[in-house]
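Novice: Submitted below is the structure of interest, expressed as C-alpha cells.
FYI, it's all coordinate maths here, none of it is from the lab. Bear in mind that the values here come from a model prediction, so they are computed numbers and not experimental data. Every residue, glycine as well, gets a Cβ built from its backbone with ideal geometry; the counts of neighbours run over all protein chains shown.
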Amino acid sequence: MPDPRDKSKVAEPIDLGPGYRLAARGRQEAEDDRLALLEQIFDPASRHRRELVQPGWRCLEVGAGRGSMAVWLAERVGKSGHVMATDIDVTYLERMNLPNLEIRRHDILKDPLDVLGPSSFDLVCSRLMLFWLAGKQETAIQRMVECLRPGGWLVDEDGDWGTVSPVDPSHPYYARYEGAWQGGEWWAARGYDPTFGRKLPVLFEKCGLKNIRSEATAEIVRGGSLWAKWWQETLLAIRAWEQSEDRLTEAREEEYKVLTAPWSDPSLWFLNALLHACWGQRL
Ligand SMILES: C[S@@+](CC[C@H](N)C(=O)[O-])C[C@H]1O[C@@H](n2cnc3c(N)ncnc32)[C@H](O)[C@@H]1O
C-alpha cells in the first residue's frame with residue numbers, strides 16, 4: 001500500500017505566475033478600443049523597427065492582439081511571403097482576411113511549436129506581451145528562438161512600466177500619486193517586474209542569440225494626451241480584472257483613483273514608459 005502521507009509522491013502545484021491581466025473576456029469592446037489606441041501610439045516606431053523585413057520573408061508575430069502589425073508585415077513580405085499571427089485570444093485577429101496572413105490560437109508558453117514551424121521563420125516578433133509572462137519570459141523567448149531559421153531575427157518591444165511618473169514635485173497631484181505608485185513598485189506588488197524591458201538583451205543572450213542590439217525611448221507626455229488616455233484605460237482594465245477576481249480591496253480602489261485621475265488633467269506632465277526594442281539573430 002503506498003503511504004498517503006508520502007510527500008514525494010504529491011505533484012508540485014504548477015506555478016501559473018501572475019499571467020495576462022488584460023484579457024478581453026467580458027469587456028471585448030472596451031479592449032478593442034484600448035488595443036486600437038495602443039496601435040495608434042506604438043505602430044509608427046514598431047514599423048520602423050521592423051524595416052529589416054524583406055519581400056518573400058516568413059514572419060511570425062506572437063501575441064498579435066488586434067493585428068495591425070501583422071497586417072503591416074503581410075503587406076511588407078508581399079505575395080511571395082507569409083505571415084503567421086498567433087495569440088491566446090484570436091477574437092480580433094479573426095477579422096483579418098489576407099491571403100498571406102495566417103491566424104492561429106496559440107499559447108507561446110504551452111502549446112506545441114510544431115504547429116508554427118520550428119526553424120522556419122526569417123523574423124519572429126512580439127510587442128508588449130513578454131512583460132505579462134512574469135517569471136517565464138526566458139521560456140517564451142527560447143521557444144520563439146526555436147521558430148527562427150538560422151540567420152533569422154527575433155525582435156521584441158517591451159516596457160519598463162515602472163517609470164510612469166509625474167515630473168513636477170510641486171504639482172498638487174504629485175505626492176499622492178507617488179505615494180500609491182512607489183516608484184513603480186505598484187507592479188511588483190502584483191507580481192510583475194517594473195524594470196522588465198531593460199533586461200531583454202540579457203535574456204536574448206541567455207537564449208543563444210547573437211548580434212544583439214537594444215534601444216530605449218521615452219517621452220514626457222501630459223494628461224489628456226493619447227498616451228494618457230491609453231494608460232488610463234490600461235489601469236482601468238487591470239482594475240476590472242482585480243474586481244472580477246475579488247481582489248479589489250478598498251485600499252486598492254483608492255489607489256486606482258489616485259493613479260488614474262491625473263491622466264485627464266493637462267496641467268500634469270509625466271515621464272511615460274521606457275519602451276525598449278531588442279533585436280537578436282539566431283546563427
Ligand atoms: C498588450 S497586448 C499587445 C498586442 C499586440 N502585440 C500589439 O502590440 O498590438 C498583449 C497580447 O499578448 C497576448 N498574450 C498574452 N499571453 C500570451 C501567451 N502566453 N501566448 C500568446 N499570446 C499571449 C494577449 O492575448 C494580447 O493580445
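Novice: Treat the count of other C-beta atoms within 10 Å as a stand-in for reagent exposure and order Asp122, Asp265, Asp246 from fewest to most. Each step should come with its number before you reach the end.
Specialist: Working: Asp122 20, Asp265 14, Asp246 7.
Ordered from fewest to most neighbouring Cβ atoms within 10 Å, Asp122, Asp265, Asp246 come out as Asp246, Asp265, Asp122.
Novice: Under 15 Å from the Cβ of Lys79, count the other residues' Cβ atoms, weight Lys and Arg +1, Asp and Glu -1, and hand me the total. Please list the in-between numbers first.
Specialist: Details: positive: Arg58, Arg76; negative: Glu75, Glu102.
After counting each charged neighbour, the total is 0.
Novice: Using only alpha carbon pairs under 8 Å that are at least six residues apart, calculate the relative contact order of region 140-283 and give it in whole percent. Don't skip to the answer; put the middle values down first.
Specialist: On the way: 227 pairs, mean separation 64.9, N = 144.
Relative contact order for region 140-283 comes out at 45 percent.
Novice: Give the residue list of GluC sites (Glu not before Pro) in region 28-109 that are DSSP loop and have at most 15 other beta-carbon atoms within 10 angstrom. Kindly include the intermediate steps, with their values, before the conclusion.
Specialist: Values: sites: Glu29, Glu31, Glu39, Glu51, Glu61, Glu75, Glu94, Glu102; in loops: Glu51.
Within region 28-109, the qualifying GluC sites (Glu not before Pro) (loop, at most 15 other Cβ atoms within 10 Å) are Glu51.
Novice: While we're on this one: If you average the C-alpha positions of region 131-150 and of region 36-104 separately, how far apart do those two centres end up, in angstrom?
Specialist: Taking the Cα centre of each part, region 131-150 and region 36-104 sit 18 Å apart.
Novice: Find how much the distance from Arg190 to Ile212 grows on full extension, using 0.36 nm per residue of separation minus their present alpha carbon separation; answer in nm with one decimal.
Specialist: Values: separation 22, 0.36 × 22 = 7.92 nm, distance 3.01 nm.
Once the chain is fully extended between Arg190 and Ile212, it gains 4.9 nm.
Novice: Could you calculate the contour length gain from Glu146 to Gln281, that is, 0.36 nm times the residue separation minus the distance between their Cα atoms, to one decimal place in nm? Before the final figure, lay out the partial values.
Specialist: On the way: separation 135, 0.36 × 135 = 48.60 nm, distance 1.16 nm.
Additional length available on full extension: 47.4 nm.
Novice: Rank the residues Ile88, Ile220 as a footprinting-exposure proxy: fewest other Cβ atoms within 10 Å of their Cβ go first. Please list the in-between numbers first.
Specialist: Values: Ile88 16, Ile220 10.
Result, fewest neighbours first: Ile220, Ile88.
Novice: Ok, one more. As a quick test, which of the pairs Lys79/Lys229; Lys199/Lys229; Lys110/Lys206; Lys110/Lys210 have an alpha carbon distance above 29 angstrom in this structure? Walk me through the numbers before you get to the answer.
Specialist: Numbers: Lys79/Lys229 37 Å; Lys199/Lys229 27 Å; Lys110/Lys206 20 Å; Lys110/Lys210 25 Å.
Listed pairs above 29 Å: Lys79/Lys229.
Novice: Here's something else I'd like to know. Scanning the chain for helices, which whole DSSP H stretches are 24 Å or more long along the axis (Cα) and average 1.6 or more by Kyte-Doolittle? Present the calculation step by step, with values, prior to reporting the outcome.
Specialist: On the way: long enough: 28-49 (29 Å, -1.05); 226-244 (27 Å, -0.33).
Taking the DSSP H segments of the chain (at least 24 Å long, mean hydropathy at least 1.6), we get none.
Novice: Moving to a separate point now. With +1 assigned to the C-beta of every Lys and Arg and -1 to the C-beta of every Asp and Glu, and no other charges, what is the dipole magnitude of the chain about the Cα centre in debye, to the nearest 20? List each step's numbers first, then the result.
Specialist: On the way: 36 positive and 43 negative charges, 150 e Å.
Value, rounded to 20: 720 debye.
Novice: Still on this structure: At a 10 Å Cβ-Cβ cut-off, how would you order Arg66, Arg213, fewest neighbours first?
Specialist: On the way: Arg66 22, Arg213 11.
Starting with the residue having the fewest Cβ neighbours, the order is Arg213, Arg66.
Novice: Distance from the Cα centre of region 204-240 to that of region 242-283, in angstrom?
Specialist: 10
Novice: If you don't mind, there's one more thing I want to ask. When the chain is treated as a GNM, springs tying every alpha-carbon pair under 10 Å, which of Met84, Met96, Met144 comes out with the largest mean-square fluctuation?
Specialist: So, out of Met84, Met96, Met144, the one fluctuating most is Met96.
Novice: Can you work out the PRE-style zone for Leu271? Point 7 Å along Cα to Cβ, and I want the residues of region 165-207 with backbone N under 12 Å.
Specialist: 165-169, 183-184
Novice: Further question on the same structure: State, as an integer percentage, the relative contact order of the chain based on alpha-carbon contacts under 8 Å between residues 6 or more apart. Mind dumping the intermediate values first?
Specialist: Values: 495 pairs, mean separation 55.6, N = 283.
Relative contact order comes out at 20 percent.
Novice: Using the basic label-point model (7 angstrom from Cα toward the beta carbon), what is the Glu242 to Asp168 distance in nanometres?
Specialist: So the two model labels end up 2.8 nm from each other.
Novice: Right, another one. Which translational diffusion coefficient, to the nearest whole µm²/s, is obtained for the chain from the Stokes-Einstein equation, given a Kirkwood hydrodynamic radius over C-alpha pairs, 4 °C and 1.567 mPa s?
Specialist: Details: Rh = 20.2 Å.
For these conditions, the coefficient is 64 µm²/s.
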